[in-house]
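Shown next, in structure tokens, is the structure this report addresses.
Readers should treat all values here as calculations from the given coordinates under stated rules, not as data from a laboratory. On a predicted model such as this, the values are computed, not experimentally measured, just so you know. Here the Cβ positions follow ideal geometry from the backbone for every residue, glycine too, while neighbour counts run over all protein chains shown.
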Amino acid sequence: MEAAELAGWTRFAPKGGIGKCIPTTDCVAESSDDLMFLKDDEITVLLQIADQEDAYLGYCEGVVGRFQGHDFSNPRSSPS
């Protein structure tokens, strides 16, 4: 991701993105584009990735990355 694009997403995250979700499991990033998070972290959903089924761009603990929409429990809004 280009630095300018990353900066834009980082500024959008504190505004709430398009929703929030809570993972029910830990996820270790497998590539530099992946979002790493722990169970019960709060993820700000920034975008549903159009060309990938059940894939989203999210923000957690100051990091922007991709994640899959499965394994989430969400009282506020769900990526799935």
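Sorting V45, V28, V63 by the number of Cβ atoms found within 10 Å of their own Cβ, with the fewest placed first, yields V28, V63, V45.
By the beta-carbon count within 10 Å of each Cβ, the least crowded to most crowded order of S31, S73, fewest first, is S31, S73. How charged is the neighbourhood of Q52? Take every other residue with its Cβ under 13 Å from the Cβ of Q52, and add Lys/Arg as +1 and Asp/Glu as -1. It works out to a net charge of -4. How large is the helix-only mean residue ellipticity at 222 nm for the chain, computed as the sum of -39500 (n - 2.57) over DSSP H runs with n ≥ 4, divided by its residue count, in deg cm²/dmol to the nearest 500? Rounded to the nearest 500, it is -3500 deg cm²/dmol.
For the chain, trypsin sites (Lys or Arg not before Pro) meeting the loop criterion (DSSP other than H, G, I, E, B) and having at most 13 other Cβ atoms within 10 Å: K39, R76. The angle between the Cα long axis of helix 3-12 and the main principal axis of the chain comes to about 50°, on a 0 to 90 degree scale.
Backbone amide hydrogens, once placed in the peptide plane, bring I49 within less than 5 Å of A55, Y56, L57, excluding anything fewer than 5 places away on its chain.
Beyond 16 Å, what share of the Cα-Cα pairs of the range 1-53 remains, rounded to the nearest whole percent?
Numbers: 740 of 1378 pairs.
Counting pairs separated by more than 16 Å, the tail of P(r) holds 54 percent.
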